[in-house]
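Participant: Before I ask anything, here is the structure I am working with.
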Amino acid sequence: MLASDNDGIWLNQKDHEEIDLDEHYKIDNIRSIAYDEESDEFYFLANKKREEVGFFLIKFNAFNPIKKDEITMWKHKLDIGDCNINVIRGRDPISKNYYKELVISYKTIYINTYNVFV
């Protein structure tokens with residue numbers, strides 16, 4: 001997986017296959033990417049989809065980026081920056097159950113709010 005603000009490329013070095021993810025998903029302004037090694041999935045946060053500004057979170061399989069889930073597709077017309085995606089794991093000390101949380105944080109530009117989603 002290689003990415004910049006304007007381009008995301010998935011590369012299979014074994015089969016020499018390459019997929020331009022921003023063109024395939026119709027996204028732009030890539031803000032953050034995270035890899036979850038437990039489930040072999042990437043989380044991809046973009047600020048534009050089909051020229052509409054918003055908060056667009058996509059999850060896809062690390063070995064097959066064609067298989068994707070569009071988790072959040074908010075068209076709120078606000079630019080975002082300072083984005084982070086983290087996969088948090090732990091064990092609840094009381095119930096002894098294991099948990100896995102996806103934590104996303106970003107700053108909304110121009111209105112200066114910082115948002116955190118779990």
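Participant: Could you list, in sequence order, all residues of the stretch 40-77 that are among the small types (Gly, Ala, Ser) and over 19 Å from Phe117 (Cβ atoms)?
Facilitator: Answer for the stretch 40-77, where residues must be among the small types (Gly, Ala, Ser) and over 19 Å from Phe117 (Cβ atoms): just Ala62.
Participant: For the stretch 97-118, how many residues meet the condition of being within 28 Å of Glu37 (Cβ to Cβ) and either assigned to a strand (DSSP E or B) or touching a residue at least 60 places away in the same chain (Cβ under 8 Å) (or both)?
Facilitator: Number of matching residues: 14.
Participant: Filter the strands (runs of 3 or more DSSP E) completely within the stretch 31-76 down to those with at least 2 residues that are at pLDDT 90 or above and over 13 Å from the mean Cα position of the chain (by Cα).
Facilitator: 52-61
Participant: Scan (1) at pLDDT 90 or above; (2) farther than 17 Å from Val103 by Cβ; (3) not polar (S, T, N, Q) for the single condition Ile85 breaks and write down its number.
Facilitator: For Ile85, the failing item is (2).
Participant: So, in the stretch 36-50, exactly how many residues are exposed (fewer than 13 other Cβ atoms within 10 Å of the Cβ) and touching a residue at least 12 places away in the same chain (Cβ under 8 Å)?
Facilitator: The total comes to 3.
Participant: If I filter the stretch 4-24 for residues that are part of a strand (DSSP E or B), under 22 Å from Ser105 (Cα atoms), without any contact (Cβ under 8 Å) to a residue 12 or more places away in the chain and within 14 Å of the chain's Cα centre (by Cα), do I get at least one hit?
Facilitator: no
Participant: Mind listing whichever residues of the stretch 67-96 are in contact (Cβ under 8 Å) with a residue 24 or more places away in the chain and either of a type in the set (Phe, Trp, Tyr) or exposed (fewer than 10 other Cβ atoms within 10 Å of the Cβ) (or both)?
Facilitator: Once the filter is applied, which keeps residues that are in contact (Cβ under 8 Å) with a residue 24 or more places away in the chain and either of a type in the set (Phe, Trp, Tyr) or exposed (fewer than 10 other Cβ atoms within 10 Å of the Cβ) (or both), the stretch 67-96 yields only Lys77.
The values are calculated or read from the model by the stated rules, or taken from the named source; none is laboratory data. Predicted model, so just to flag it, every value in this text is computed and none were measured. Here the Cβ is made from the backbone with ideal geometry for all residues, glycine too, and neighbour counts use every protein chain on show.
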